[in-house]
Amino acid sequence: MEREGRIRSAVLTILTLYALISCSNPVHETIRKKDVRIRFTSTDIEVKAYDPDEDLISDLSVFIFDESGELEGYFRSEGGEDSFDTSLLIGKEYTICACANFGYRIYTDDLEQLEEVRYHMAYPDDYRNGMPMFAREEIVLGEDDDEISLSLRRLMAKISIQIDRGHLSEDVSMYVRSVRIGNCPRSAAVFTENKTRDEDDCFPVGFIRKDEEVYGLNSSLDGGLSREISLYMLENMQGELDSPISSDNEKVFDEDDHRRETCSYIEMDIEYISDRYYSTRKGLLYRFYLGEDRNNLDVERNCHYHITVTPEDDGLSDDGWRVDKSGLNEYGPISFKAYPSEYIVGDIGDKIHIWCDVSPRSTPFDVGISYMEDDKAEGIYDYEIDEDGFGATLSLTGPGRGLIYMEAGEPVNEAALFVIEVNLP
């Protein structure tokens with residue numbers, strides 16, 4: 001009996017100690033799992049664009065890491081889903097990361113590996129699968145948490161541009177042919193700040209809009225202000241200028257400055273006409289850098305930059321890198337005269353040379369081929385266009401009256417109407 005009493009006492013002591021430890025240590029509460037939904041949303045950047053779809057999610061890779069950075073869970077969706085269900089431990093610290101619209105699966109064993117991931121673009125305007133986005137957040141699941149919401153941030157910056165022509169002289173016409181990004185990054189670090197190091201990190205020609213895509217810049221709203229168009233590029237954080245800016249108070253780099261090859265900029269190709277100058281195939285080029293101020297060169301991810309280009313007077317103020325006028329020609333004398341006359345009478349079998357003497361010779365000119373084709377179909381004459389395109393030789397073949405309209409464009413803006421009568425009674 002005494003022995004049984006000692007055993008009973010020992011067991012009671014152990015049970016009492018276990019009860020005391022259980023009451024003083026809440027481990028049994030923190031290891032309980034809870035079902036939770038993890039949902040992803042896009043971070044708004046003020047204005048939606050028609051192209052691309054800034055909220056589209058076509059594929060999503062989600063990683064759940066424990067407090068030591070080891071991969072504990074992985075989710076992959078290629079069907080456009082923006083949420084998934086899982087079970088997490090209440091009170092435990094997790095790091096949740098996501099990559100959206102990368103177009104491929106990412107493999108990693110721990111958080112440190114994932115932080116080295118870069119997003120690469122095949123070419124600068126491929127957003128068919130949506131804009132590349134990412135998320136990273138540390139969470140501790142609470143008792144009442146049924147859903148965790150994470151914001152996806154775009155790796156791109158959105159750059160919206162418009163033109164204010166309200167300060168131009170009346171004789172000046174500026175028609176935008178294209179807008180592009182120079183030194184557009186090929187890739188970006190996903191979870192750390194991105195910065196291009198040399199010209200090999202950039203596309204030779206970046207994101208570009210042209211022709212009908214820049215229609216908004218050539219439309220006019222109140223006071224000469226155009227509509228906006230938007231471009232996109234990966235983050236490029238080049239920081240503050242570490243040397244004085246140029247004397248004209250613009251961001252201007254010398255020819256041997258490596259930043260000319262790494263700092264991203266906007267370039268506009270403009271068809272230009274004034275009383276004195278006209279553009280060639282190259283056009284008038286406007287180039288400018290982004291950043292918060294004149295000393296900053298950052299283009300930051302998930303930011304929306306609004307730029308209003310405001311040319312004044314002739315629009316050619318020379319501030320170094322900003323305006324490239326090498327594509328402009330000066331008109332010189334302007335003249336237009338029709339030869340031999342605008343009323344010609346001839347006989348069948350005659351050859352008659354008609355032409356216009358136009359200056360400057362670079363003036364756009366329509367020699368009137370459609371009119372000649374109509375007269376040729378009527379059997380009045382056959383024709384051969386001059387090599388320089390400013391006239392034609394007519395071989396008269398039958399009776400009738402022909403009309404030929406030749407027209408010179410800017411800056412001449414003159415025309416001649418030739419009347420040719422062949423063997424009329």
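The values are calculated or read from the model by the stated rules, or taken from the named source; none is laboratory data. Note that this is a predicted model, so its numbers are computed, not measured. Virtual Cβ from ideal backbone geometry, glycine too; neighbours counted across all protein chains shown.
Select the strands (runs of 3 or more DSSP E) contained entirely in the range 48-115, then report the ones holding at least 3 residues which are among the aliphatic types (A, V, I, L, M) and under 19 Å from Asn302 (Cβ atoms).
Of the strands (runs of 3 or more DSSP E) lying wholly inside the range 48-115, those with at least 3 residues that are among the aliphatic types (A, V, I, L, M) and under 19 Å from Asn302 (Cβ atoms) span 93-100.
Among the residues of the range 166-213, which ones are in contact with a helix residue (DSSP H, G or I) (Cβ under 8 Å, 6 or more places away or on another chain) and on the phi > 0 side of the Ramachandran plot?
Scanning the range 166-213 gives a single hit, Asn183.
Right, Arg322: surrounded by 12 or more Cβ atoms within 10 Å (Cβ to Cβ) and under 40 Å from the mean Cα position of the chain (by Cα) or not? So that I can check it myself, show each step before the final result.
Values: surrounded by 12 or more Cβ atoms within 10 Å (Cβ to Cβ): yes; under 40 Å from the mean Cα position of the chain (by Cα): yes.
It is true that Arg322 is surrounded by 12 or more Cβ atoms within 10 Å (Cβ to Cβ) and under 40 Å from the mean Cα position of the chain (by Cα).
Would you please list the contacts, defined by Cβ atoms under 8 Å and residues six or more apart or on different chains, that run from a residue in the range 123-143 that is at pLDDT 90 or above to a residue that is among the hydroxyl-bearing types (Ser, Thr, Tyr) and exposed (fewer than 11 other Cβ atoms within 10 Å of the Cβ)?
Once the first residue is at pLDDT 90 or above and sits in the range 123-143, no partner that is among the hydroxyl-bearing types (Ser, Thr, Tyr) and exposed (fewer than 11 other Cβ atoms within 10 Å of the Cβ) comes close enough.
For Lys210, are the conditions met, namely being under 28 Å from Pro311 (Cα atoms), of a type in the set (Lys, Arg) and surrounded by fewer than 16 Cβ atoms within 10 Å (Cβ to Cβ)? Even if it seems obvious, please write down each step before you answer.
Numbers: under 28 Å from Pro311 (Cα atoms): yes; of a type in the set (Lys, Arg): yes; surrounded by fewer than 16 Cβ atoms within 10 Å (Cβ to Cβ): yes.
Criteria met by Lys210.
Would you point out which residue out of Ile139, Ile163, Ile148 is β-branched (Val, Ile, Thr) and touching a helix residue (DSSP H, G or I) at 6+ places or on another chain (Cβ under 9 Å)? Don't jump to the end; show me each part of the working.
Values: Ile139 fails: touching a helix residue (DSSP H, G or I) at 6+ places or on another chain (Cβ under 9 Å); Ile148 fails: touching a helix residue (DSSP H, G or I) at 6+ places or on another chain (Cβ under 9 Å).
Testing whether each residue is β-branched (Val, Ile, Thr) and touching a helix residue (DSSP H, G or I) at 6+ places or on another chain (Cβ under 9 Å) leaves just Ile163.
Mind checking which residues of the range 345-364 are at pLDDT below 95, buried (at least 18 other Cβ atoms within 10 Å of the Cβ) and in contact with a Phe, Trp or Tyr (Cβ under 7 Å, 6 or more places away or on another chain)?
Val358
Considering only residues that are more than 21 Å from Asn101 (Cα to Cα) and either at pLDDT 95 or above or in contact with a Gly (Cβ under 9 Å, 6 or more places away or on another chain) (or both), which ones fall in the range 203-213?
Selection gives Val205 alone.
When you scan the range 330-337, do you find a residue that is under 39 Å from the mean Cα position of the chain (by Cα), modelled with pLDDT under 95 and charged (D, E, K, R), even just one? Lay out the reasoning, then the answer.
Going through the range 330-337, the residues under 39 Å from the mean Cα position of the chain (by Cα) turn out to be 330-332.
Applying the additional criterion that residues be modelled with pLDDT under 95 yields 330-332.
Narrowing the set further to residues that are charged (D, E, K, R) leaves 330.
Checking the range 330-337: at least one residue is under 39 Å from the mean Cα position of the chain (by Cα), modelled with pLDDT under 95 and charged (D, E, K, R).
Consider Ile354 carefully, then state whether it is part of a strand (DSSP E or B), touching a Pro at 6+ places or on another chain (Cβ under 8 Å) and touching a residue at least 24 places away in the same chain (Cβ under 8 Å).
Values: part of a strand (DSSP E or B): yes; touching a Pro at 6+ places or on another chain (Cβ under 8 Å): yes; touching a residue at least 24 places away in the same chain (Cβ under 8 Å): yes.
Considered against the rule, which asks whether it is part of a strand (DSSP E or B), touching a Pro at 6+ places or on another chain (Cβ under 8 Å) and touching a residue at least 24 places away in the same chain (Cβ under 8 Å), Ile354 comes out as yes.
Do we find that Asp53 is in contact with a Gly (Cβ under 8 Å, 6 or more places away or on another chain), modelled with pLDDT under 85 and surrounded by fewer than 17 Cβ atoms within 10 Å (Cβ to Cβ) in this structure? Quick ask: steps written out before the conclusion?
On the way: in contact with a Gly (Cβ under 8 Å, 6 or more places away or on another chain): yes; modelled with pLDDT under 85: yes; surrounded by fewer than 17 Cβ atoms within 10 Å (Cβ to Cβ): yes.
Yes, satisfied.
Within the set of pairs 6 or more residues apart or between chains, which connect a residue that is under 30 Å from Tyr123 (Cβ atoms) inside the range 82-111 to a residue that is part of a helix (DSSP H, G or I) and modelled with pLDDT of 90 or more with Cβ atoms less than 9 Å apart?
From residues that are under 30 Å from Tyr123 (Cβ atoms), the pairs are Cys97/Leu111; Cys97/Leu114; Cys99/Leu114; Ile106/Leu114; Tyr107/Gln113; Thr108/Leu114.
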